[in-house]
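Written below as structure tokens is the structure these notes are about.
Nothing in this text is a laboratory measurement; each read-out follows from the coordinates by a stated rule. The structure presented is a predicted model; accordingly, all values stated were derived computationally and were not measured. Quick reminder, even Gly has a Cβ in these numbers, built from the backbone with ideal geometry, and neighbours come from all protein chains shown.
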Amino acid sequence: MRDLAKRYRSNESASSIKGELATSSLGFPVSFSQAISPKRIITVSELTGFLRTSIEEQFSDIWLEGELSNIRAPGSGHVYCTLKDKTSQIRAVLFRSSAIRLRFALQEGLQVIVRGRLTVYEPRGEYQIVLDAVEPKGIGALQLAFEQLKERLAAEGLFDQDRKKLIPAFPWKVGVVTSLTGAAIRDILAVLKRRWPTLHILIVPVQVQGEHAGRQIAEALIALNELGSVDVIIVGRGGGSSEDLWSFNEEIVVRAIAASHVPVVSAVGHEIDMTLADFVADFRAPTPSAAAEVVAPVLAEIVERLQELTVRMGQVMLRRCASERQRLNADIQGVLDIRFRFQEASQRTDDTVDRLQKMTQRLLTSWREQVYEVQCDLSGLNPILAIKQGLATIPQFSKRLNGQMGVILAQHRHRVHATLAQINSLSPLAILGRGYSILHTTPTGRVLHQAKDVEVGQELEAQLASGRLNCVVTRVLDDSSV
């Protein structure tokens, strides 16, 4: 029995030992029932091994429905979580090989349907389910992955309208990223050659579905941007299922379109098909043919339009030339009129100059006569004679002025002496000179008039006729004590 337990613990398939063990009515091997009898003592490891083998044999492929919780994804790439309903829960593990195949991200509270096998994790003696597939309940895995990635990229602003670039009206070189074997490339080339036969077309063949399709599409977009001579890029494919179109929902493709400095036109599937590439592209065309029509105008229509514009331009130029010729003739006639008016004005100017010269000559003659008369009158009024006469009378007036000034100064000097005598008699300094003094309080400087205005010990200042004294009051006497 120990040998069988070792074979169970070494993960040997149950089919190889089916003939060696029979099962009891409870579903456990007969040897296990014997092992737990009182006659035989087994170890915990042996018990766990028997349980694991029995559980894995009976529950090797089961489907469960439950709610995800306690999701944990360490660096190993495995995903650990718990599946629960209203009353029970079970631990679950999604190993890295299965986790990398998930199209969507596991989220707390997500209701899922899982497929896997039941087993026992021997180190803890816990039973758990090893998941092989996980599907969201009520919505497909691809649709959930689409919505999750769309929400995340929209939050980053990759779908904002203000970041989209304009499609050039007349491109010189067009890049096409699609499969060489699909109908999309044939439709695109047919439309481009029909509308603009001389257009340069650069095709970068890629896979449009499959495991490596997204990376190839992203690398093709990067290569066309690095080329530097491409004016616009068409990226897309023909119709198909959601799985077929999934490459254009991959994050690497969406970010490559967003990072492109060359305008990108998406043409994925049919008009009803919507991918994340359509949201991030600068222009979304419903079909590959429509994308080619958006990119390339019709050369014949442009040529026809240019011819019409050429004819209209010629007609406009003829009308403009005729109008300008009329304006030129009118300007020439105006120049001739100006010439005649200038000649007439020149003649009038000459006449005016002659009249001015004659008038100036008459005025000069008249002024000369007046100046001569004034000179004759002024000769009798020569100021030099008047000055000489005035100088002769100056000594007399100076003598008279000096006599009068002496008398006036003597009178004023007498009055000043009398006034000074009166001022000295009224001056307090004169009183101080007779032995009196003026007492001031300190530090206010108030003049004292009564003895009662001071106190014993108070400092006073006495002003004399010459100098000052600092005094201290030792006693205050009133009028009755005098």
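Taking a cut-off of 12 Å between Cα atoms, list the aspartates and glutamates near residue 137, but don't count ones fewer than 8 places away on the same chain. Within the straight-line cut-off, residue 137 pairs with 65, 67.
The ranking of 283, 59, 248, 340 from fewest to most other beta carbons within 10 Å of each one's beta carbon is 340, 59, 283, 248.
When each of the peptides 372-378, 150-156 is scored by how many other beta carbons lie within 10 Å of its residues on average, the order from highest to lowest is 150-156, 372-378.
Only Cα pairs under 8 Å and 6+ residues apart enter the sum, and on that basis the relative contact order of the range 60-138 stands at 33 percent. In straight-distance terms, cross-link reach from residue 193 covers every one of the aspartates and glutamates whose alpha-carbon lies under 18 Å from its own, apart from those fewer than eight places away in the same chain; here that gives 231, 293, 301, 304. With the cut-off at 1.5 for a/c, could you classify the chain from its C-alpha gyration tensor as rounded, prolate or oblate? The shape class here is oblate. Of all complete DSSP H helices in the chain, those with a Cα span along the helix axis of 24 Å or greater and a mean Kyte-Doolittle hydropathy of -1.0 or more are 299-379, 383-426. Exposure proxy for 100, 233, 71, 129: other Cβ atoms within 10 Å of each Cβ, ordered fewest to most, give 100, 71, 129, 233. Between the range 43-80 and the range 180-244, the C-alpha centres lie 46 angstrom from each other.
Taking GluC sites (Glu not before Pro) across the range 198-266, the ones in a DSSP loop with at most 14 further Cβ atoms lying within 10 angstrom of their Cβ are 211, 243.
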